[in-house]
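Take a look at the structure below.
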Amino acid sequence: MKRTFYIVLITAGFLLSSCVSGDFISLSGLSSDNFRMVVDQKKTRLYRLQNAASIEVCITNYGARVLSIMTPDKDGQQQDIVCGFDNISDYRRYRQNFGSVVGRYIGRILGARFAIDGTVYNLQAGSGGHCSHGGYPGFADRVWTVKKSNRCCLQLLYASPDGENGFPGNLTLSVTYRLTDDNELSILYEAETDKPTVLNPSNHSFFNLSGNLSRDVLDEVLWVDADSIAEYDVDKCVTGRMLSVKGTPFDFTSTWRIGDRIDEPDRQLAVTKGYDHTWKVNWQNNGLHKAALITDKESGRVMEVYTTEPGIHLYTANGHNGKLKGKQGITYPHRNAICFETMHFADSPNKPQFPTTLLKPGVKFRSETVFKFGVTVN
């Protein structure tokens, strides 16, 4: 019988240091010195969260990024399970979204424009004439203000000015990372605006539960509580239609290895050369919902994904090609990670059939995603 445990492995002296930006080297090998920089006249720093179960999460205020997550396997061996770099310079040089908070709007807004109450807003256009991930520089490229910092919690704040990359309204976004002794990493987003706007932030961490970031994730086993995906056209633009996953490589309502069907002949897979789609979560609009579960059988690591969002975008690092070098000099091969981007749907401002991303003055935006870590023992 397979049993899942959320284990407590107390390491001597592990809890002595708090979430501070002083001199330290993390369990994942990150040096605080490599994250000290001045960007746009603001200081960047390295922070870490720790709990009683020997889990460590490192974060920087540059892009509100998760840099590393150290979790134990079934034998108690700790390894880093997310992609990234070991210094701020590489994050700036390569402009990867590793671990960042993407905004104002993750995904594409087609034609780089939308309207609110008859007023058309023209956004910064990128590839194909669309606005992707909120334009550049986006939230991932900004230095966030630290509002709260302790052993288990880091609260970051970014004030996005009216007109930034074309988006209306002065928007204040707070992101709170909280690591619990139940081995949960909660990400809480709260925002307010002084003018009607759209908002769709998400965390863009790249996970590999094996702890070996130089291997692919095709053997990891996935379950997703979703019966449909958002359809793409041949240019990877959402059409506004939802497609049933039944009988397709996108059906993870029962568990499958990620690699079992990823290369099957399928019109949607042909567009993206792998998984890079948004699943519509079987969501009841009543708080956190378990949207996904992933297991690495060799290490025994398990991660559950809970969210208040109606969609979860899964991306299997199809663009990695073994040329990009990350932490500890590891080069990232094809499909060496999977992203769980909890979100509303791409182009929702232009697709009234999708759940709205409109935020009005006087209304407080709130969204939460939780990654829960454990191990399974056969």
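The values are calculated or read from the model by the stated rules, or taken from the named source; none is laboratory data. Just so it is clear, the model here is predicted, and its values are computed rather than measured. With ideal geometry, Cβ positions are generated from the backbone for all residues, glycine too; neighbour counts draw on all protein chains shown. With ligands, DNA and RNA removed, areas are computed over all heavy atoms of the protein, side chains included. Shrake-Rupley method; radii C 1.70, N 1.55, O 1.52, S 1.80 Å.
If the condition is being buried (at least 21 other Cβ atoms within 10 Å of the Cβ) and either outside any helix (DSSP H, G or I) or at pLDDT below 95 (or both), then segment 15-43 contributes C19, S26, S28, L30. Would you say I109 is in contact (Cβ under 8 Å) with a residue 40 or more places away in the chain and either out of contact with any helix residue (DSSP H, G or I) (no Cβ under 8 Å at 6 or more places or on another chain) or among the small types (G, A, S) (or both)? Spelling it out, it is not the case that I109 is in contact (Cβ under 8 Å) with a residue 40 or more places away in the chain and either out of contact with any helix residue (DSSP H, G or I) (no Cβ under 8 Å at 6 or more places or on another chain) or among the small types (G, A, S) (or both). Which condition breaks for W283 when tested against (1) within 28 Å of R65 (Cβ to Cβ); (2) open to solvent by 20 Å² or more (accessible area, probe 1.4 Å); (3) modelled with pLDDT of 95 or more; (4) not basic (K, R)? Of (1) within 28 Å of R65 (Cβ to Cβ); (2) open to solvent by 20 Å² or more (accessible area, probe 1.4 Å); (3) modelled with pLDDT of 95 or more; (4) not basic (K, R), only one is false for W283: (3).
Could you grab the pairs with beta carbons closer than 7 Å, sequence gap of 6+ or different chains, first residue in segment 217-229 and on the phi < 0 side of the Ramachandran plot, second one among the aromatic types (F, W, Y) and assigned to a loop (DSSP other than H, G, I, E, B)? The qualifying pairs are L222/F252; W223/F252; V224/F252; I229/F250.
Among the residues of segment 99-120, is there at least one that is surrounded by fewer than 17 Cβ atoms within 10 Å (Cβ to Cβ) and under 25 Å from A64 (Cβ atoms)? No, every residue in segment 99-120 fails to be surrounded by fewer than 17 Cβ atoms within 10 Å (Cβ to Cβ) and under 25 Å from A64 (Cβ atoms). Quick check on E309: is it in a loop (DSSP other than H, G, I, E, B) and within 30 Å of Q50 (Cα to Cα)? Criteria met by E309. Test L314 against the stated conditions and say whether it is touching a strand residue (DSSP E or B) at 6+ places or on another chain (Cβ under 7 Å) and farther than 30 Å from T119 by Cβ. Judged against the criteria, L314 is a match. Residue count for segment 237-262 under the criterion of being open to solvent by 60 Å² or more (accessible area, probe 1.4 Å) and on the phi > 0 side of the Ramachandran plot: the result is 1. How do the pairs read when you match residues in segment 43-61 that are free of Cβ contacts under 8 Å to residues at least 24 places away in the same chain and closer than 16 Å to Q77 by Cα with residues anywhere that are surrounded by fewer than 22 Cβ atoms within 10 Å (Cβ to Cβ) and among the β-branched types (V, I, T), using Cβ under 6 Å and keeping only pairs 6 or more apart or on different chains? Final answer for the pair search is none. Suppose we keep only residues that are among the small types (G, A, S) and in contact (Cβ under 8 Å) with a residue 60 or more places away in the chain within segment 130-158. Which one would you say is most open to solvent (accessible area, probe 1.4 Å)? Result: S149. All conditions but one from (1) within 30 Å of G29 (Cβ to Cβ); (2) in contact with a Phe, Trp or Tyr (Cβ under 6 Å, 6 or more places away or on another chain) apply to H289; the one that does not is (1). Scan segment 320-378 for residues that are hydroxyl-bearing (S, T, Y) and either in contact with a helix residue (DSSP H, G or I) (Cβ under 6 Å, 6 or more places away or on another chain) or farther than 29 Å from L110 by Cα (or both) and the total you get is 4. Under the condition of being among the basic types (K, R) and not in a loop (DSSP other than H, G, I, E, B), which residue from segment 312-338 is surrounded by the fewest Cβ atoms within 10 Å (Cβ to Cβ)? Among them, the one singled out is K325.
Filtered by the rule that a residue be under 30 Å from T239 (Cβ atoms) and either in a strand (DSSP E or B) or of a type in the set (G, A, S) (or both), segment 353-378 gives L358, L359, F365, R366, S367, E368, T369.
Of the residues in segment 269-280, how many are buried (at least 19 other Cβ atoms within 10 Å of the Cβ) and either closer than 19 Å to K372 by Cα or more than 21 Å from the chain's Cα centre (by Cα) (or both)? Here the count works out to 1.
When Y306 is tested against (1) over 18 Å from the mean Cα position of the chain (by Cα); (2) within 26 Å of D347 (Cβ to Cβ); (3) at pLDDT 95 or above; (4) open to solvent by 40 Å² or more (accessible area, probe 1.4 Å), exactly one condition is not met: (1).
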